[in-house]
Amino acid sequence: MQQVVAVVVFGLAAVVLGAGIFRTSSMVRSALSLLGSMAALGALFLALEAEFLGVLQLMMMATEMAIMAIFMVMYMMDPGGLGKMEMAHQKRVAIAFGVIAGLTGVALAVLPAWAPIVAVAPGPTLQVHDLGIELLTRSMLIFETAGLAILVAMVAATAVAIVRRRP
Amino acid sequence: MTSELLPISLAIGAGLFGIGIYGVLSQTNLVMIMMGIELMLGGALVNLVAFWRLLHPDNYAGQVFVLLVMTLMALDMAVGFGIATARFRAKGSVETEEAAELKG
């Protein structure tokens, strides 16, 4: 029962903070809201007994959102939101699509007869051990592909952003 | 452990995904659009973790999938900010409504 309460509380926190991103005209508040939402997701993973993924999510998102906040202050005309700029368009269409997607997802979550759930999860130590074995045996090619994708993205991002020198 | 945990987790993922879609479609700023994409991927993460934990905790391919989606989130940020930097240098703004010349 405690686990259900924890999942509901952290899940609702993630959803409410996620909605808060688009409800403020301050970029800094938006970034903090997203940070809160992602941190709540990390706590949700911990509540679901996926300890390694929860800690990874918390650490990764804290760094990622800090970088995002810096970029926001750099590139936004009004990062503090003091001018109350309107930063949205086609709101009705966007709300309609968002609601349809959300309700479809909820229907797909509630309606099917899911297989019986497994009550006992492997302990945190065993999870990390077995994930390591999985990454370095059966899923090694996938893991290497992810590493290669990171390298390609780093080169691509640098190539796009670099100042071109005229000959 | 109750059987409601799976639908609850999936519904939370669906909520995050719906809010993300709203953000991607409604925001005019490139950085805000990227935030919407992050939320959508966050919704996908919740689903993947719930499926792994509640249906197949003995099969770690589910966790590998989660790691891949986390990688995707980082890549989307890196490339997105690269494009934002290039756009800001060229036009002084990352507003999508000022990028009409990209229309086919």
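Of the candidates A:Val9, A:Val16, A:Val28, the single residue that is modelled with pLDDT under 95 and part of a helix (DSSP H, G or I) is A:Val28.
Of the residues making up region B:90-101, none is surrounded by fewer than 23 Cβ atoms within 10 Å (Cβ to Cβ), closer than 27 Å to A:Arg138 by Cα and among the β-branched types (Val, Ile, Thr).
Conditions (1) within 20 Å of A:Ala96 (Cα to Cα); (2) surrounded by fewer than 24 Cβ atoms within 10 Å (Cβ to Cβ); (3) touching a strand residue (DSSP E or B) at 6+ places or on another chain (Cβ under 9 Å), marked per residue:
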| residue | (1), (2), (3) |
| --- | --- |
| B:Pro7 | no, yes, no |
| B:Val24 | yes, yes, no |
| B:Gly42 | no, no, no |
| B:Val49 | no, no, no |
| B:Leu55 | no, yes, no |
| B:Leu68 | no, yes, no |
| B:Met73 | no, yes, no |
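The condition of being over 11 Å from the mean Cα position of the chain (by Cα), touching a residue at least 12 places away in the same chain (Cβ under 8 Å), in a helix (DSSP H, G or I) and under 16 Å from A:Ala31 (Cβ atoms) holds for B:Gly80. When you scan region A:32-54, do you find a residue that is over 30 Å from B:Thr2 (Cα atoms) and either at the interface with chain B (Cβ under 7 Å from one of its Cβ atoms) or not aromatic (Phe, Trp, Tyr) (or both), even just one? The answer is yes; a qualifying residue exists.
Of all the numbered requirements in (1) in contact with a helix residue (DSSP H, G or I) (Cβ under 8 Å, 6 or more places away or on another chain); (2) in a helix (DSSP H, G or I); (3) of a type outside the set (Asp, Glu), A:Val163 misses one, and that requirement is (2). Among the residues of region B:64-88, just one is within 15 Å of A:Thr158 (Cβ to Cβ) and either modelled with pLDDT under 80 or more than 7 Å from chain A (Cβ to nearest Cβ) (or both), namely B:Gly80. Every test in (1) under 24 Å from B:His56 (Cβ atoms); (2) touching a helix residue (DSSP H, G or I) at 6+ places or on another chain (Cβ under 7 Å) is passed by A:Met61 save one, and that test is (1).
Taking region A:133-154 as the range and being more than 9 Å from every other protein chain (Cβ to nearest Cβ) and surrounded by 11 or more Cβ atoms within 10 Å (Cβ to Cβ) as the test, the residues that pass are A:Met140, A:Glu144.
Just one of the listed residues (A:Val120, A:Val106, A:Val99, A:Val28) is touching a Pro at 6+ places or on another chain (Cβ under 9 Å) and either among the polar types (S, T, N, Q) or surrounded by fewer than 15 Cβ atoms within 10 Å (Cβ to Cβ) (or both), namely A:Val120.
The values are calculated or read from the model by the stated rules, or taken from the named source; none is laboratory data. Since the structure is predicted, the reported quantities are computational estimates derived from the model, not experimental observations. Don't worry about glycine lacking a Cβ; one is built from the backbone with ideal geometry, like all the others, and counts go over all protein chains shown.
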